[in-house]
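Here is the structure we will look at.
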Amino acid sequence: MAPVKPMVDDSSDIETVAIAPITPGDVESFHRALDLVARERKYLSFLEAPPLDQTRSFVTDCIGRGDPGFVAVVRGEVVGWCDISRHDRLIHAHRGTLGMGIVPSYRGHGLGLRLINATLTQARRAGFVRIELSVHSDNARAISLYDKVGFVREGVQRDAVYIDGEYRDTIVMAIVERENAAG
């Protein structure tokens, strides 16, 4: 599948970016943004977006479960996202894994902070106690964002990623807030 650039590629309209819960109507645009970031081969745990039908299933399943998920949208096109997928086993249901990304031309304008704050707020309301993530150790911008919003480093997975002949470490981070526990 050839990479598809989002139709919107002008960060000059950064003030018009809306942060909103992801909807089924966002799936195709989200898929394009996901593919664009994945094909950079630096940030995500895959090198291209999954097929559109799998992306659609992921989004509709997350919405159906009430998992937090937000998108940054400009003129109907997704330019960034942040989601937390709740673990499905009962003993892990208090936990979720965070994923996020922003298309290149919209980075460095505070969208990541807006997205992650909206998503974490919703996760707290939904009773998540632990939110975890792994980030490539050379992704300084993301690590700084995660530090800023309260994630704590829990460890390093050495040589966890292999891309284009290079091994990279990942840093495991989490926020734990027991006061969010339901009941």
> So how far, in whole Å, is the C-alpha centre of the stretch 47-101 from the one of the stretch 108-181?
Replying inline: 15 Å
>> Rounded to the nearest 5, what % of DSSP beta bridges with both residues in the stretch 95-183 are antiparallel?
In response: 85 percent
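Using a 1.4 Å probe on the protein heavy atoms, what percent of the accessible area of the chain belongs to carbon and sulfur?
Result for the chain: 51 percent of the exposed heavy-atom area is carbon or sulfur.
What does the accessible area per residue of the chain come to in Å², with a 1.4 Å probe and no ligands, DNA or RNA counted?
About 53 Å² of surface per residue is accessible.
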> Just Asp35, Asp164, Asp83 to compare: in a GNM of the chain, with alpha carbon springs under 10 Å, which one fluctuates most?
Replying inline: Asp164
> If you place +1 on the Cβ of every Lys and Arg, -1 on the Cβ of every Asp and Glu, and leave all else neutral, what size is the dipole of the stretch 54-183 about its Cα centre, to the nearest 20 Debye?
Replying inline: 420 debye
> Can you give the relative contact order of the chain as a percent, counting alpha carbon pairs under 8 Å and 6+ residues apart?
Replying inline: 19 percent
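How about the stretch 34-101: which trypsin sites (Lys or Arg not before Pro) there lie in a loop by DSSP and see at most 16 other Cβ atoms within 10 Å?
Those that pass, being in a loop and sparsely packed, are Arg41, Lys42, Arg75, Arg89.
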>> For the chain, set up a GNM with springs between Cα atoms under 10 Å and report which of Gly150, Gly99, Gly127 has the largest fluctuation.
In response: Gly150
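The values are calculated or read from the model by the stated rules, or taken from the named source; none is laboratory data. All figures in this text were calculated on a predicted structure; none of them were measured in a lab. Methodologically, a virtual Cβ is constructed for each residue, glycine included, from the backbone with ideal geometry; neighbour enumeration extends over all protein chains shown. Note: areas computed on protein heavy atoms with side chains; ligands, DNA, RNA excluded. Shrake-Rupley method; radii C 1.70, N 1.55, O 1.52, S 1.80 Å.
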